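Contents: one structure, followed by commentary.
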Amino acid sequence: MTITPRAMGVAVDRFDGAAKVRGEARYAYEQPVDRPLYLYPLTAAVATGRIADIDCGAASAEPGVVAVLTYRNATRTAAIEDGELRILQSDEVAFRGQFIGGVVAETSEIARHAVSLVRVDYEERPHDVELREGRGDLRVPREVQPIFPMDTAEGDVDAALASAPVRVDQTYTTAWNNHNPIEPHTTIATWTGDRFTFYLSTQGVNGIQAAVAALFELGPDRVRVISPYVGGAFGSKARPHADVVLAALAARLVPDRPVKFALTRQQMFSQVGYRPPTVQRVRLGADAGGRLVALAHESIEPTSKLQEFAEHSTRATPTMYAAPNRRTRQRLAALDVPTPTIMRAPGEASGMFALESAMDEMAIACGLDPIEFRIRNDAQRHPHFGLPFSSRNLVACLREGARRFGWDGRDPTPGIRRTAGWLVGTGVAAATYPVLRLPGSMATIRVGPDERYTVLIAAADIGTGTWTALSQVAADALGVRVEQIDLRIGDTAYPKASNEGGSSGITSWGSAICEAADRLRDELARHGGAVPADGLEVTAAMPENPHISRYAMHAFGAQFAEVRVHAEIGEVRVRRQLGVFAVGRVVNPKTARSQLLGGMTMGLSMALHEQSVFDPRFAQVVTQDLATYHIASNADVGAVEVHWIDEDDPYVNPMGTKGVGEIGIVGAAAAIANAVHHATGVRVRDLPITLDKLLPAA
Amino acid sequence: MVDVEVSLRVDGTDHRLTVDTRTSVLDALRERLGNTSPKKGCDHGQCGACTVLLDGRRVNSCLALAVAHDGATVVTAAGLAPAGQLHPMQACFIRHDAFQCGYCTPGQIVSAVAMLAEAAAGWPSAVTADGAGRGGGAVVLDDDEIRERMSGNLCRCAAYANIVPAVAEMARR
Amino acid sequence: MKPFAYVKPVDIGAAVAAGAAPGAKFLGGGTNLVDLMREGIEQPDTVVDVTGLPLSAVDDLPNGGLRIGALVRNSDLAADRRVRARYPVLSQALLSGASGQLRNMATVGGNLLQRTRCPYFYDEASACNKRDPGSGCDALDGFNRSCAILGVSDDCIAAHPSDMCVALTALDAVVEVTGTGGTRRIPLTELHRLPGQTPHIETDLAPGDLITAVELPTATGNSAYRKVRDRASYAFALVSVAAGLQIENGAVTDIRLALGGVAPKPWRARQAEQLLAGGPADEAAFRRAAQAELASAAVRPGNAFKVALATNTIVATLRELSNEGTRR
């Protein structure tokens, strides 16, 4: 059942806006606590090996040092599966930069300096960090999303490719990307006798609670996690990482004193996951009419030996195009590296760069306009599952985008448009992201006789606008004005919620709130329609969606870019980006637009800038700051236009929403790469597109 | 550890505090004075989240030692307008939704306020046409000027395309 | 950061005396030193804050040149009307560096002594002859996109990061230094040393030597700064070109050319200048000169592109200047 939009669809200013623009919204590290101590970590200086000796004497003697933490005095934690979290349990070193200890001191300056006084001797072992196709130990990842199989096959791809009149066979690579939210991962951990209290920056307080409870073998009621404001996340704050464990271990050494721990920017490159680099081969075969007859997409990626993660770059491919013969294949190499993790549109962001670059190459090979080529190959039913789409408006996005962008009449010839020394080109790419629904959310609604509704759910606002948009959802679920809603999130004291991730927040939390609103209505009816003097309270869990087995549910979009490339020097400037999306109902046009344009800009950044350069000799990222790991600056971004088409999807959830956090980045890099090709005639298949790849000979 | 006593006037209030010589202005504000409006994003001068007005100029407070700024006047985003009120730039940021997570935002806003003053004083930027503002007049802030002058403040949520019109609206006033 | 004592002298003599003490380090704007101290790369026992000294003036010189106090902030110098009118290359170079905030802090003297941004210099776990003499150079076979191709040695390929210095080098700036032995003047081209076997010794300055001013001779002709980097703003140069060019009757009468991002010091392109001087101001001459300057480049796989990049950027910058000259 769907709810009637009244508050939804209104461009409300962010409720937390005034607090944020004054800087008075207090993030985790900024929570006032009594007599805090400061933790600075000791990190491994070798890629693999064991600690032969560790001398903490000088550090311990430093005035102001309260405790020095190593594997020798750390609390023994339970042998949980996630090896990334099992730090300080032995003398083993699993990757360079891994936490092997820390100093707790009265000030951050003392703690950091004291760590430099700890002497560690290692027995180093050779490390294995090479990602390449020929490795004998490449393995199939475990399926992370059972509804999206890692490998798919349909028909006879090889035969179809062999006989196809037009073929594309190319390898595309994407770079190691780090999330780098501007707020680093921060924690204040306090151990008081038998329980932990954490303030920390996370996409999901319940996941942290569960991990800490499991590690320290505590009941979840003895782990309170509060995450007031979150200064960006993009996936790095989705799963618990070792920083939380280190803070907890430190807190155990100094009972009753809050331990403050903020990762440095450098540590953000090894401790909290990253989008793994990918090597992707895409083979396309088309008939003379520009219809795909074969599509093969294969990807290899690294993961760590500690914990498996698969970027799943081929995931979107079986959703996109109606080739009768298809194959996707995903392989992992487990290496001596930090553990990768989800990063904005994991899988789609990297995979659609490859697929949509290849589609551009194939359109050119077929002599077709790239929009027309995509429209010809649009799938009517989900190619892999055979299900109808709950709604699919890829073609509408492409057409509306073409109209708004001024695509008609585009001369496909590359390298012929020049203005004042700059080559000009335009490109297009498609975007998609599944409508994900994460299990486990519950919501409580309380109402008093004053008709104010308190909505409690341990959800997160990582900048996405949850406070505002979820209040709008609650208002419509209850049929009241948004001003009557008091939404409380970010605390394990509230009913548990799934992570903010995979663009699933509104779907999962909103569905739980809608269910609770239904229950509240029933309760009210039992009370004759009037709120009793002592109020009413109901709690409900997110219900199943009966439509999930009947429909494939995906958002779609079309990305356009206009670039200029300096003819002599190779600098790339993106003058214009346009995104048109079909994302179901838009709850708050203001905050949704910000998410989409933020995603598109992060896509620009991925296309042109972002690369954590990994030095295989030492098994570490060497570009570990924001001066060498570039993210787009203001000057890199030109005009960005965001639109969406009206889409009424009654199947996805009661709100009719599909999620907007991820899809903005999907396809953005491919649109830019395709535009660069149109401008210069040079096809760059390895990200980022830096000027040396476009530089003419001297 | 070497402790020194310094005076700082922060958002209109005088403070006398003891700091380690190693303490940055940023840490003095955040950890000693409890003013967490300026943010620590990199502690390297590479993100701009810690931007404050130090004796009237925008600076990265993470690279300023508190001991070297004894007696200085500091204005953070929390002090641009009286408590409970918004500076017009802050109102523009809300109206244009020029932020998401809000973590870089106080730095963006302080930077934007200072940047308008710099342009009004005729200071050029890397994209200023030769001669503009040289006669002492203000530099006209088109979008490219705003982009360049605001590039010392990184925004990972990438609200740039909203920051530029927010600042432009203020620049027109 | 190692604990340190802090002093703030109010006259130059006291500053020099304090700076000459073992383990002392001058502090200007702090944009580089404080960062390096936090990373443990610089570990002074005493920080001598020189910002209380009277070195913040920009004065006209009788000969038509300009005297710039060592404590003039980058933003003030870039906005100075005399600099913008007479030395546009300097204003442009300053404005292409760092960010508005950093330029408000950074001083001329500090910028002259800015240290390299080579990532291995910054990573204490890596071998770096500049940071830890004799330890080796991990940049040679590592990530060296930012590293130098001219004037390098087997011990160090770190590039000098300053933009301002490149412009000052092209302008024949002279650095005034006061030390324990008095005041002396050093041409900027001779202030910085090439790495050789001692990359940790970066300048000819002795302990206590305090940069007090930079003097510019009379301006000649029009000039421009072109910076190429991996981001449109707020990034260090991959290659930069500071050029001054005067043309009469189609012939080059004055040429000044300096390069950034490609050498361990601000690089005056003397070979190119010699080839261009007196000759035709055309595209072919510009390219020949640029190629000659880059002929001695010693590249690594990660920075080999800088030869073409520097060549093309030199040509583009000189062409632009010559077009401007023709228009005027």
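The table below lists the values:
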| quantity | calculated |
| --- | --- |
| Restricting the stretch A:615-648 to residues that are among the hydrophobic types (A, V, I, L, M, F, W, C) and surrounded by fewer than 21 Cβ atoms within 10 Å (Cβ to Cβ), the residue that is nearest to C:F143 (Cα to Cα) | A:A639 |
| Helices (runs of 4 or more DSSP H) fully within the stretch A:298-400 counting 2 or more residues that are surrounded by fewer than 22 Cβ atoms within 10 Å (Cβ to Cβ) | A:348-366, A:370-376 |
| Residue that is in the same structural domain as A:E356 (by TED's automatic domain parsing), part of a strand (DSSP E or B) and among the charged types (D, E, K, R), where the choices are A:E641, A:E610 | A:E641 |
| Test: A:E537 is touching a Ser or Thr at 6+ places or on another chain (Cβ under 9 Å), under 30 Å from A:V640 (Cα atoms) and among the acidic types (D, E) | no |
| Any chance A:P63 is of a type outside the set (S, T, Y) and outside any loop (DSSP other than H, G, I, E, B) | no |
| Entirely in the stretch A:153-264, the helices (runs of 4 or more DSSP H) that have 3 or more residues that are buried (at least 24 other Cβ atoms within 10 Å of the Cβ) | A:205-215, A:242-253 |
| Single match in B:A114, B:A81, B:A68 (criterion: part of a helix (DSSP H, G or I) and either in the same structural domain as B:G12 (by TED's automatic domain parsing) or within 26 Å of A:T591 (Cα to Cα) (or both)) | B:A68 |
| Extreme residue, nearest to C:D230 (Cα to Cα), among residues of the stretch A:621-632 that are in contact with a helix residue (DSSP H, G or I) (Cβ under 8 Å, 6 or more places away or on another chain) and facing another protein chain (nearest Cβ under 8 Å) | A:H630 |
| Pick from the stretch B:112-142, criterion surrounded by fewer than 16 Cβ atoms within 10 Å (Cβ to Cβ) and within 27 Å of B:P38 (Cβ to Cβ), ranking: nearest to the other protein chains (Cβ to nearest Cβ) | B:A121 |
| Given (1) more than 21 Å from A:Y27 (Cβ to Cβ); (2) at the interface with chain A (Cβ under 9 Å from one of its Cβ atoms), index of the condition B:P88 fails | (2) |
| Yes/no for A:A497 being in contact with a strand residue (DSSP E or B) (Cβ under 7 Å, 6 or more places away or on another chain) and at pLDDT 95 or above | no |
| Residues being within 14 Å of chain A (Cβ to nearest Cβ) and assigned to a strand (DSSP E or B) - total across the stretch B:1-20 | 7 |
| Qualifying residue in the stretch A:583-591 (condition: within 11 Å of chain B (Cβ to nearest Cβ) and under 20 Å from the mean Cα position of the chain (by Cα)) | yes |
| Selection from the stretch B:7-20 of residues that are surrounded by 21 or more Cβ atoms within 10 Å (Cβ to Cβ) and either of a type outside the set (D, E) or in contact with a His (Cβ under 7 Å, 6 or more places away or on another chain) (or both) | B:L8, B:V10, B:V19 |
| Scope the stretch A:442-495; condition among the hydrophobic types (A, V, I, L, M, F, W, C) and within 14 Å of chain B (Cβ to nearest Cβ); matching residues | A:A460, A:I462, A:W467, A:A469 |
| C:V228 being under 23 Å from C:L191 (Cβ atoms), surrounded by 19 or more Cβ atoms within 10 Å (Cβ to Cβ) and not aromatic (F, W, Y) | no |
| Residues within the stretch C:28-51 that are crowded, with 23+ Cβ neighbours inside 10 Å, more than 20 Å from the chain's Cα centre (by Cα) and more than 8 Å from chain B (Cβ to nearest Cβ), tallied | 2 |
| Subset of the stretch A:550-573 (residues that are in a loop (DSSP other than H, G, I, E, B), within 26 Å of the chain's Cα centre (by Cα) and of a type outside the set (A, V, I, L, M, F, W, C)) | A:Y551 |
| Flag for A:N499 being part of a loop (DSSP other than H, G, I, E, B) and under 21 Å from the mean Cα position of the chain (by Cα) | yes |
| The stretch B:69-111, residues that are more than 12 Å from B:L29 (Cβ to Cβ), hydrophobic (A, V, I, L, M, F, W, C) and surrounded by fewer than 22 Cβ atoms within 10 Å (Cβ to Cβ) | B:A81, B:A83, B:L86, B:A91, B:I94 |
| Flag for B:C62 being closer than 26 Å to C:G110 by Cβ, touching a Pro at 6+ places or on another chain (Cβ under 7 Å) and more than 7 Å from every other protein chain (Cβ to nearest Cβ) | no |
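Yes/no matrix, rows are residues, columns are (1) farther than 30 Å from B:G34 by Cα; (2) assigned by TED's automatic domain parsing to the domain that holds A:V230; (3) modelled with pLDDT of 95 or more; (4) basic (K, R):
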| residue | (1), (2), (3), (4) |
| --- | --- |
| A:E30 | no, no, yes, no |
| A:D53 | yes, yes, yes, no |
| A:A105 | no, yes, yes, no |
| A:V118 | yes, yes, yes, no |
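Here is a yes/no grid of residues against (1) more than 12 Å from every other protein chain (Cβ to nearest Cβ); (2) in contact (Cβ under 8 Å) with a residue 40 or more places away in the chain:
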{"position": "C:A258", "(1), (2)": "yes, yes"}
{"position": "C:V262", "(1), (2)": "yes, yes"}
{"position": "C:R288", "(1), (2)": "no, no"}
{"position": "C:S296", "(1), (2)": "yes, yes"}
{"position": "C:E320", "(1), (2)": "no, yes"}
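Residue by residue, here is whether (1) under 23 Å from B:C157 (Cα atoms); (2) touching a residue at least 24 places away in the same chain (Cβ under 8 Å); (3) assigned to a strand (DSSP E or B) holds:
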residue	(1), (2), (3)
A:R410	no, yes, no
A:G427	no, yes, yes
A:G440	no, yes, no
A:R446	no, yes, yes
A:A459	yes, yes, no
A:W467	yes, yes, no
A:A475	no, yes, no
A:P495	no, yes, no
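The values are calculated or read from the model by the stated rules, or taken from the named source; none is laboratory data. Note that the structure is predicted; figures quoted are calculated from it, not measured. Heads up, the Cβs are rebuilt from the backbone with ideal geometry, glycines too, and the neighbour counts pull from every protein chain shown.
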